[in-house]
């Protein structure tokens, strides 16, 4: 009677044996297999270097263009503020306020900024 714990009856053991046989056969190529592996690694390394250089160039280009983009957006915001001030008329008073307070409390400095905005003066008298 065969032993039920015999590893040769286990399907996983058979699959492992087949995998080992295939691995041994693929290693038998000798010099040609080694040369293919070396070329594959060299190609992979070259692609990694090219990708890293390309990424670094794009990063530096992005950093270099940031001040130009900021200047452009600042000009656009100034134009929008000027357009809003012209469209407002006499009932709305546009006021741009920039103030900066510096306080030092326990060695830390806190900066506060007041944001710009539109302010409208409303009358409480319903007759207008």
Taking segment 1-45 only, how many residues are in a helix (DSSP H, G or I) and modelled with pLDDT under 75? 4
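If you check residue 101 against the conditions, is it on the phi < 0 side of the Ramachandran plot, in a strand (DSSP E or B) and at pLDDT below 90?
Working: on the phi < 0 side of the Ramachandran plot: yes; in a strand (DSSP E or B): yes; at pLDDT below 90: yes.
Spelling it out, residue 101 is indeed on the phi < 0 side of the Ramachandran plot, in a strand (DSSP E or B) and at pLDDT below 90.
The values are calculated or read from the model by the stated rules, or taken from the named source; none is laboratory data. Model, not experiment: these values are computed from the prediction.
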